[in-house]
Amino acid sequence: MSESDQCLDPYQFLQISLNPDGTLTRPLHDPRTSPTSDPNLPISVLTKDLTINQSNTWLRLFLPRKALNNQPSNKFPLIIFFHGSGFILYSAASTVFHDFCSRMANDVEAVVASAEYRLAPEHRLPAAYDDAVEALHWITTSPDDWLREFVDYSNCYVMGNSAGGAIAYHAGLRVVEEVSGDLEPMKIRGLILRQPFFGGIQRTESEMRLEKNPVIPLCVIDMLWELALPVGANRDHEYSNPMGGDWPGKMEKIREEGWMVMVSGNGGDPLVDGGRDLATLMEKKGVKVVTDFEKEGCHGIEFEDPSVALRFIEALKHFISSSKKHG
């Protein structure tokens, strides 16, 4: 398929089909990795799955092996991670996200909780946002031994890439609106938004410039929002456009809580201007924002290029260190 033809059929581009009942038939090629919690195996990160509820939401925990040798008082930060793929594809068990979270846990020296959420269009927004908030609350009350023994609950971060970045953002805005103490003993110190998936009716410069890019063409972006948003909603809905609704006013709550926000993106990603615009707006609201924008690189490049993943994880380590000092 030539570049000029890439947007004739966004469903064909993603190898999915929309069924008459509104469900999706998804691609068969989605390699998955099973969790492995046996400390006798020669692996650097142990993993296990924990059920949140019976509606198919759960967590995959990633525990660095080095935590087993730590003194009880030397606990690790917690990163609650939400995977990407346009709200409609893949899983916390997908190998691409499993491998990334494993590397992040090992290199950052953090416990990572990768949350499974319901997918659109079978479960349109705000289902994923609801599931994210539920996951945060569930973690605070879970009796799981890894969470209780190895997590420093005073040093927690909410993170996502792509659609997961939007999920992390909305979950953060929701929890700062709640009654103080609702997440005790969890103390969130920051949000980490990697190539966040936002959009409005007004096209950004990067969307127009990269309309036919080979990774995520604009027609695919449009289709993803059409499948994810409530039926009849447009892209200026508050679920997709961070400039819409009451969300900008809630950013002041993030400032009051003392959270830092990391916004990361790449110049070859059509979504990059949405991330930049959000970072600028949050700074105007007095939020402490750390930007991490590279001139080159496409959407999801950290999953394809190990050197980019390494650079991003180093930036993430610095952000977590700075956030703890800031808090």
(request) Sum -39500 (n - 2.57) across every DSSP H segment of at least 4 residues in the chain, then divide by the residue count to get the 222 nm mean residue ellipticity, nearest 500. (result) -11000 deg cm²/dmol
(message) So if each residue of separation counts as 0.36 nm, and I subtract the Cα-Cα distance between residue 21 and residue 41, what length gain in nm does that give?
(response) 2.7 nm
(message) How big is the dipole moment of segment 3-326 about its Cα centre under a simple scheme where the beta carbon of each Lys and Arg is +1, that of each Asp and Glu is -1, and everything else is neutral? Debye, nearest 20, please.
(response) 880 debye
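Write down the percent of antiparallel bridges among all DSSP beta bridges whose residues are both part of the chain, to the nearest 5.
Working: 15 of 44 bridges.
Roughly 35 percent of the DSSP beta bridges within the chain come out antiparallel.
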(message) Give me the dipole magnitude in Debye, nearest 20, for segment 4-109 about the Cα centre, with unit charges on the beta carbon: positive for Lys and Arg, negative for Asp and Glu.
(response) 500 debye
(request) State the label only: which of [x] 47; [y] 60; [z] 44 corresponds to percent of Cα pairs over 26 Å apart computed from the shown model? (result) [z]
(request) Working from Cα positions, state the angle (0 to 90°, nearest 10) between the long axis of helix 163-177 and the longest principal axis of the chain. (result) 60 degrees
(request) For the chain, find the longest principal axis of its Cα atoms and tell me its angle to the long axis of helix 306-326, 0 to 90°, nearest 10. (result) 60 degrees
(request) Calculate how steeply helix 127-141 sits against the longest principal axis of the alpha-carbon atoms of the chain, using the helix alpha-carbon long axis, and give the answer as 0 to 90 degrees to the nearest 10. (result) 0 degrees
(message) Once the cut-off is 20 Å, how many percent of the Cα-Cα pairs in segment 1-138 end up in the long-distance tail?
(response) 54 percent
(message) Using 0.36 nm times the number of residues separating residue 28 and residue 174, minus their current alpha carbon distance, what extension gain do you get?
(response) 49.1 nm
(request) Would you work out which of 172, 123, 161 lies farthest towards the positive end of the dipole of the chain? Charges go on Cβ: Lys and Arg +1, Asp and Glu -1. (result) 172
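Bear in mind these aren't lab numbers, they're just calculated from the coordinates by the rules spelled out. Please read all numbers here as calculations on a predicted model, not as lab measurements. Neighbour counts are summed over all protein chains in view; Cβ atoms, including those assigned to glycine, are modelled from backbone coordinates with ideal geometry.
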